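What follows is a single structure, written as structure tokens, with notes after it.
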Amino acid sequence: MENNKKVYDNVLDLVGNTPMIKLNKLTSNFKGNYQAKVEAFNPGHSSKDRIALYIIEQAEKQGIIKPGDTIIETTSGNTGFSVAMVSVIKGYDCILAVSSKSSADKIDMLKNMGAKVYVCPANVSADDPRSYYQVAKRLHEEIKGSVYINQYFNQLNIDAHYNSTGPEIWNQTDGKITHLVACSGTGGTISGTAKYLKEQNPNIKVIGVDAYGSVLKKYHETREFDKDEIYPYRIEGLGKNLIPTATDFDAIDQFVKVSDEESAHTARQIALTEGLFVGYTSGAALQAIKQLNEDDYFKPTDNVVVIFPDHGSRYMSKIYSDKWMNDQGFFDSQNEEASQSIQY
Ligand code: PMP
């Protein structure tokens, strides 16, 4: 992936090679140096561009697909957008099976990127033939030569980050990184990046960020699936109610859990202090750093890299809506007030 051309062949040339940006204000009272790998600079505005491009190109290399074939995935989120974008450029049909909980805006966005969207009922179990998992599986079986991205259970998700995010961070820090802080959803980002970085320097510490309501932290500590950990939460893309095989738990040193409310406020602070309009899980990742600092975890010599996975524009009707924040009761216990709009 070259990133210094004057004119790019197409938008996929811009996947990866995202900038590392120092955090100057938010972390000024914390021990150590902090910089963010800002994945919103990918053309599809998230880290998922990397896995969509990598997984599709691996299938091409292995001769599994050729233009005109079909790519299938089960998400209305960032991965759906990235798979649709790569499919447009490379000439694949893109089918996304999404839950009926997905917002109309998200479904419209995917359709406008050329995806065929199957809206499946949200209130059925994963093994119901109408669920989006089963619909995707069935379509994959029925459509000859189709590729199912299956990001939670695909080793190539880890490999994508091992081959791009990891080397980029190592180079951008001149090998001086001491800590990586990254959200874990499928686990692909943290596992692949950690594997590469620890091969360069086994002393680098890797901290996963998990949500209250998710099983990942407990599983990391006990290697047991504890369903009592599971309850609904609002942050999308972080944590899980199952154990993804795309997570290499041995590559992660510890997990920190963060709340919906604090992560939302921290995301809003990132925009107001650093001028970076990033998504909900970026707030979650910085919230984990705040909590570690409260526990006096970092040393003044530490060089911490935090991954900010996506752009804030995808959360306009959530954390960047004062009404939504108010409806969640998120303005009650914090000092932050609703932002002011001036009427003429
Ligand atoms: N943040 C957001 C917004 C995401 O969509 C995801 C992906 N589910 C993550 C973080 C976590 O990345 P990964 O799936 O690689 O663990």
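Values quoted throughout were computed directly from the atomic coordinates according to the rules given, and no laboratory measurement underlies them. The shown structure was predicted, so the numbers you read here are calculated from the model rather than taken from an experiment. Cβ coordinates were reconstructed from backbone atoms using ideal geometry, including for glycine residues, and neighbour counts include every protein chain displayed.
Within the listed set V256, V11, V209, the Gaussian network model of the chain (springs between alpha-carbon atoms below 10 Å) gives the highest mean-square fluctuation for V11. Please label the shape of the range 74-145 as rounded, prolate or oblate, based on the square roots a ≥ b ≥ c of the eigenvalues of the alpha-carbon gyration tensor (a/c under 1.5 means rounded; beyond that, a/b larger than b/c means prolate, else oblate). Note, shape of the range 74-145 comes out oblate.
From the cross-link list K48/K90; K48/K323; K66/K111; K61/K144; K25/K195, which pairs have alpha carbons spaced over 24 Å apart? Those over the limit are K48/K323; K25/K195.
Please state the shape class of the range 73-208: rounded when a/c is under 1.5, otherwise prolate if a/b exceeds b/c and oblate if not, all from the C-alpha gyration tensor. Prolate.
Using C-alpha pairs under 8 Å with a sequence gap of at least 6, the mean separation divided by the residue count of the chain gives a relative contact order of 17 percent. Taking the number of Cβ atoms within 10 Å of each Cβ as an exposure proxy, the fewest-first ranking of S313, S146 is S313, S146. Of the residues F277, F331, F81, the one that moves most in a GNM of the chain with alpha-carbon contacts below 10 Å is F331.
Please report the net charge: other residues with Cβ closer than 15 Å to the Cβ of G91, K and R +1, D and E -1. Local net charge: -2. Normalising the average separation of contacting C-alpha pairs (under 8 angstrom, six or more residues apart) by the number of residues puts the relative contact order of the range 104-169 at 13 percent.
Other residues within the sphere of radius under 11 Å centred on the Cβ of E236, judged by their own Cβ, net out at +3 (K and R +1, D and E -1). Helix-only arithmetic for the chain: the sum of -39500 (n - 2.57) across DSSP H runs with n ≥ 4, divided by the residue total, places the mean residue ellipticity at 222 nm at -10500 deg cm²/dmol.
According to the square roots a ≥ b ≥ c of the eigenvalues of the Cα gyration tensor, what is the shape class of the chain, taking rounded for a/c under 1.5, prolate for a/b larger than b/c otherwise, and oblate for the remainder?
rounded
Going from the residue with the fewest nearby Cβ atoms within 10 Å to the one with the most, K48, K218 rank K218, K48.
Can you put D127, D210 in order of Cβ neighbours within 10 angstrom, beginning with the fewest?
D127, D210
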